[in-house]
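Have a look at the structure below, then the notes.
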Amino acid sequence: HKWVYSFGNGKAEGRAEMRNLLGGKGANLAEMSSLGLPVPPGFTVTTEVCTYYYANKESYPPELKDEVETALAGVEKIVGANFGDANHPLLVSVRSGARASMPGMMDTVLNLGLNDRTVLGLAKSSGDDRFAWDSYRRFIQMYSNVVLDVGHHYFEEALELKKEDLGVHMDTELKADDWKSVVAEYKKIVEKRTGKPFPQEPREQLWGAIGAVFGSWMNQRAITYRRLHSIPESWGTAVNVQAMVFGNMGDDCATGVAFTRDPSTGTNLFYGEYLVNAQGEDVVAGIRTPQHLTVEGKKAQKSEAPAMEEVMPEVFKQLVKVRETLEKHYHDMQDIEFTVQRSKLYMLQTRNGKRTAKAALKIAVDMVHEGLIDKKEAVARIVPSSLDQLLHPTLDPKAPRKVIAKGLPASPGAASGKVVFTAEEAEKQARAGEKVILVRRETSPEDIGGMHAAEGILTSTGGMTSHAAVVARGMGKPCVAGAGDVRIDSNAGTLTVRGTTVRTGEQITLDGGTGEIMLGVVPTVQPELSGDFAELMVWADEVRKLGIRTNAETPADAAQARKFGAEGIGLCRTEHMFFEGDRIVAVRQMILADDEKSRRAALAKIQPMQRQDFVELFEIMAGLPVTIRLLDPPLHEFLPKTAEDMEEVAKDLGVEVKEIEARAHKLHEFNPMLGHRGVRLGISFPEIYEMQARAIFEAVAEVQKKHGKTVIPEIMIPLVATKKELDLMKAVVDQVAAEVSHASGEKLEYMVGTMIELPRAALRAGEIAETAEFFSFGTNDLTQTTFGLSRDDSASFLEKYQQRGIFDHDPFASLDTEGVGELIEIAAERGRKTRTGLKLGICGEHGGDPASVFFCHKAGLDYVSCSPYRVPIARLAAAQAAL
Ligand code: PEP
Ligand code: MG
């Protein structure tokens, strides 16, 4: 077994592909070395040693010592200096390097190998006393902090005292002898804090540093970072030991970082910064302002300081060559670190550079045009969810912000406005030209108007599939949901978060992409859909197999979705149409009706409005499939909740308040999600579904007559558990179709299908498919009913579940591919066994989640349907699934 991999002198035992074993940094140092780039020699102790270390009570494999000795001897030979040599000492850096980059999370030690004897050797070999003693004191501080756990402040205080004594302000004013006495001071600190002298033996130092790097894998920072970025603990880190090169040996030395292209715009320009006579940390620490690499960069930033291109033209030319070599080799934008020691360039790191969504898109598309990658590779490179950043306004990254609380990032985008606590107020203010944020404990269908009017929505309860979240995503409006720390008192007109109170009319800002709630107005930047976006989307469409539809019921949403490339409507929730305008009055009359006759009278008022809705939808979708779901929610959702509202409705309807109260009381359910809803309404009141079917078919007839093109609606029955339920409802639909066809003289083609939202329906899919002509998986309800987990109430404890590792994600946001997924697979298989080619789709919120889209592709679904703003994300995810 091999535990150590060497690199240097144009050769390497490792390769870029070995990042699991060597970590990102180690693998790329090896690769650069093999490419013949100037990399200081070194070796990588593998991630397997880290795993071994934690599996064996923090001990090392027995062979490790010898392997490290051999590798170290190799480095000594290449450099021509020996570790611990009093005349010409080899110094090394010891750095962590995990598989995934974890910037700043783990520890680094530089200048290792210095002691009271080798510092003299370094002074001699460098010809610079001051540099040698400065390096030694840096080493003592870094090593003592990382390995011996002595706080930085002890050293910083000692240095401050020294400077006071000397009457100087800047480190640069200290002379060699001053650093020498600082070193003596530092050694005293170490002895006092640890009870032992500072280790003088270079090998002891080396093993101390290696152990500290492995130890830092389990420090709190690293653990938290891994949790936030879903990096498994089992990966471990590698340790890179590498010969030191110095950017701080004088004015012919420098250190810098660069991106091979601009990481914020993607422009194909060399972009970076450097500092003359400095070590790497000086750039990061921001003590001095770094200068630009290129004259162009300098001009763009209106900077006076000379560019590297001007100061070190020869080395700069070399660096430009390295840039070309790396891009040609890696076929991607690189983020590099380099050091110039006595006018010689050394590469210390390369990795794929982090970039904004906009830059990612531009770089991918440009690289296809440059012939560096093919279209498929470009499609594969873009993180689908990152497209969100391009589709919605986002907070200006440069603007200051005062975050007061955080909720769920329920619908992306950023918005500011005055706080209002009711939908009516939102509409009123919006009509008066105000920008408002609607703040509710939770929203209900009644709030639709106010949600439309608001710039953004904030709720204190509810999860990722709560009404607020679903509707906001549909509208493409920013929404922060389930912000549990926010106390809302709508009577007082206040929201309070731990002592901070915001009153009606005061401004707040929401970031629906992060869930942050901020005081005041934070400026935003508007998205610009570039030509790159359109081009990449075309490439995505070329490879994907899944169809992409949208969940939409309003003309505006449907039109927006088509702009984003939707290929039809996968879910039109007809109940949302019940709230538009004053139809709610007729809907309530229908609910209050005591018998079928008065119910039909009320329904007759709704029907023409509903028909008009469908006419508009069919026209916008121009021949694309439109799936319409018949009424789903429990009826009490349409009744007023508060006493005032009840009074108002009583007045509107010309009935006694008592009557409304009595009906609300009668319709009250303890568990409405499992109560009188979905197809159960259709069974109880077939006249409701009959009215809806009539509205659909009359609209079809009208549009067919007008445009001379066939419209084929897909009529969908919700919450079906048994074949018999579906049979009964299909009979209602068929009957109406025959009547409308007869009356209009139009031939009507249509499909009747079902949602699969209940485990029983999934299991009995074989017989349900005898009647159903298509299935659409309603994974919001299917998740709820499979887990027995309320989609409206679980937000409060789901976070705990994620923290405790029970769920690695919210199952209402990203499909539980194991449990719910198995039910989908069973239903797909059994359904298609009965009816070959049965059309299968998904219309739960998961339809816009990339991981869930991958699953749907694998499960052989025909399409996914999602809210309009997620259509591009789904297109890209579907393409990646097919690659
Ligand atoms: C579902 O349950 O997944 C679904 C799409 O229906 P709704 O969210 O309207 O219950
Ligand atoms: Mg449902």
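Just so you know, all these numbers are worked out from the coordinates, no wet-lab data involved. In this text, all values refer to a predicted model and were calculated from it rather than measured experimentally. Counting neighbours? That spans all protein chains shown, and the Cβs are built from the backbone with ideal geometry, glycine included.
Which of the lysines could be linked to K2 by a straight reach, that is with a Cα gap under 30 Å, when you skip same-chain ones fewer than 8 residues away?
K11, K25, K57, K65, K77
Between A405 and residues 5 or more places away or on another chain, which pairs have amide H atoms under 5 Å apart, with H built 1.01 Å from N, and which residues are they?
I517
Provide I696, I404 in ascending order of the number of other Cβ atoms located within 10 Å of each residue's Cβ, fewest first.
Lowest to highest Cβ neighbour count: I404, I696.
Please state the shape class of segment 393-525: rounded when a/c is under 1.5, otherwise prolate if a/b exceeds b/c and oblate if not, all from the C-alpha gyration tensor.
Since a/c stays below 1.5, the shape of segment 393-525 is classed as rounded.
Would you mind computing the Rg to Rh ratio of segment 4-243 from its alpha-carbon coordinates, Kirkwood style for Rh?
0.99
Shape of segment 762-883 from its Cα gyration tensor (a ≥ b ≥ c, root eigenvalues): rounded if a/c is under 1.5, otherwise prolate when a/b > b/c, or oblate?
It is oblate, given that a/c is not under 1.5 and a/b is not larger than b/c.
Quick one: which residues, 5 or more positions from G513 or on another chain, have an amide H under 5 Å from its amide H? H modelled 1.01 Å from N in the peptide plane, none for Pro or chain starts.
G413
Would you please report the Å³ per residue occupied by the convex hull of the alpha carbon atoms in segment 254-355?
Cα-based convex hull of segment 254-355, divided per residue, equals 95 Å³.
From the phi angles alone, apply the Karplus equation (6.51, -1.76, 1.60; θ = phi - 60°) to segment 541-546 and give each ³J(HN,Hα) in whole Hz, x where the residue is Gly or Pro.
5, 5, 9, 6, 9, 6
Working from the pairwise distances between different alpha carbons, so that the mean of 1/r is found and then inverted, what is segment 97-180's Kirkwood radius in Å?
When all Cα pairs of segment 97-180 are included, the Kirkwood radius is 14.3 Å.
Taking only C-alpha pairs under 8 Å that are 6+ residues apart, what is the relative contact order of the chain in percent?
Worked out over the chain, it gives 9 percent.
Could you put Y330, Y689 in order, starting from the residue whose Cβ has the fewest other Cβ atoms within 10 Å?
Arranged by neighbour count, lowest to highest, Y330, Y689 become Y330, Y689.
Need one number: % antiparallel among DSSP beta bridges in the chain, to the nearest 5.
Taking every DSSP beta bridge with both residues in the chain, the antiparallel ones total about 65 percent.
If you line up the Cα atoms of segment 465-572 on their principal axes, what length do they span on each, largest first, in Å?
Result for segment 465-572: principal-axis Cα extents of 54, 30, 22 Å.
Dipole size in debye (nearest 20) for the chain around its Cα centre, Lys and Arg Cβ +1, Asp and Glu Cβ -1?
Around 920 debye, computed over the chain.
Tally Lys/Arg at +1 and Asp/Glu at -1 over every other residue whose Cβ is under 10 Å from the Cβ of A176; what's the total?
Taking every other residue near A176 into account, the sum is -2.
Under 8 Å for C-alpha pairs, at least 6 residues apart: give me the relative contact order for segment 525-609, rounded to a whole percent.
19 percent.
Can you give me the Kirkwood hydrodynamic radius for segment 181-272, using every pair of distinct Cα atoms, in Å to one decimal?
Computed over segment 181-272, the radius equals 17.9 Å.
Near P445, within a Cβ-to-Cβ distance under 9 Å, what is the net charge of the other residues, with Lys and Arg +1 and Asp and Glu -1?
-4
What is the distance in Å between the Cα centroid of segment 219-257 and that of segment 699-765?
61 Å
What is the Cα coordinate range of segment 68-130 on the first, second and third principal axes, sorted by size from largest, in whole angstrom?
Projected onto its principal axes, the Cα set of segment 68-130 covers 40, 30, 16 Å.
Cross-link candidates for K375: which lysines have Cα within less than 21 Å, leaving aside residues fewer than 8 places away along the same chain?
Partners within reach: K328, K354, K358, K362, K545.
Quick one: net charge around G788, please, counting Lys, Arg +1 and Asp, Glu -1 for every other residue with C-beta under 13 Å from its C-beta.
Result for the local shell: -2.
Residue-wise, which Karplus ³J(HN,Hα) couplings in Hz belong to segment 392-407, taking 6.51 cos²θ - 1.76 cosθ + 1.60, θ = phi - 60°, and x for glycine or proline?
10, x, 10, 5, 4, x, 8, 7, x, 9, 10, 7, 9, 6, 9, x
Tell me, what is the percent relative contact order of segment 719-811, built from C-alpha pairs under 8 Å that lie six or more residues apart?
Relative contact order, segment 719-811: 27 percent.
Angle, helix 819-834 long axis vs. longest principal axis of the chain, Cα atoms, 0 to 90°, nearest 10?
Around 50 degrees separate the two axes.
Which log10 I(q)/I(0) values, to two decimals, does the chain give at q = 0.06, 0.10, 0.11 Å⁻¹ under the Debye formula with one point per Cα?
Log-scaled intensity ratios, in q order: -0.53, -1.12, -1.26.
Would you mind getting the Kirkwood hydrodynamic radius of segment 686-827 from its Cα pairs, rounded to one decimal in Å?
17.1 Å
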